[in-house]
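A.B. asks: First, the structure itself, so that you have it in front of you.
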Amino acid sequence: MRALHRGVPVQQRTVRAVLVASAVSVAYTLVVFGYSLLPSSGVSISGTLWHAIAIQSAFALGTVGVPVFLWLRANLRSPAVLLAAILLFWHVLVEFPPIGSGQGDSPGFLFVFVFAPVYVPAYAALAAGEYWIGKRDVSIPV
């Protein structure tokens, strides 16, 4: 990944990271809505569809977009590892009775979105720790 960062201007790398992070967030939101269309999902959307997409995309940007941005822009991988653990927990492990009720995936989507204000500081702490330990230069030149 570091080889991709050489020779690419900082501003272009930042714009690319923001666009990719936004696209991944919207794609995750659309997966959630696609799942909620299944008759067996038991998920309902309150309010208008456009409001729900806007709100959930904003939460997805915090949950999914921030680690993608940090990986692409600053080459920090620890937030992406936490994202993988979060998605694994809420979408896979909650399905099994020792941890969850085994009644479906709909709570998983909800908690991935709702806890975004908790995940963002955790991503920041992991990124700061990886930066501090690795002594990487992630400052953005002006």
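Quick note: the coordinates plus some simple rules give every number you see, no bench work behind them. Keep in mind the model is a prediction, meaning the values are calculated, not measured. Counting neighbours? That spans all protein chains shown, and the Cβs are built from the backbone with ideal geometry, glycine included.
A.B. asks: Grab the beta carbon distance between ARG13 and ALA128, set R0 = 25 Å, and tell me the FRET efficiency rounded to 0.05.
C.D. replies: Working from the Cβ atoms, E equals 0.80.
A.B. asks: I'd like to compare 66-76, 123-133, 21-31: which one has the highest average count of other Cβ atoms within 10 Å, and what's the full order after that?
C.D. replies: Packing order, densest peptide first, comes out as 66-76, 21-31, 123-133.
A.B. asks: I've got another one for you. Could you work out how much longer the chain between LEU30 and GLU95 gets when fully extended? Use 0.36 nm per residue separation minus the Cα distance between them, nm to one decimal.
C.D. replies: 21.3 nm
A.B. asks: Further, regarding this structure: In nm, give the distance between the simple-model label positions of ALA84 and VAL20, each being 7 Å from the Cα along the Cα-to-Cβ direction.
C.D. replies: In this crude label model, ALA84 to VAL20 measures out at 1.6 nm.
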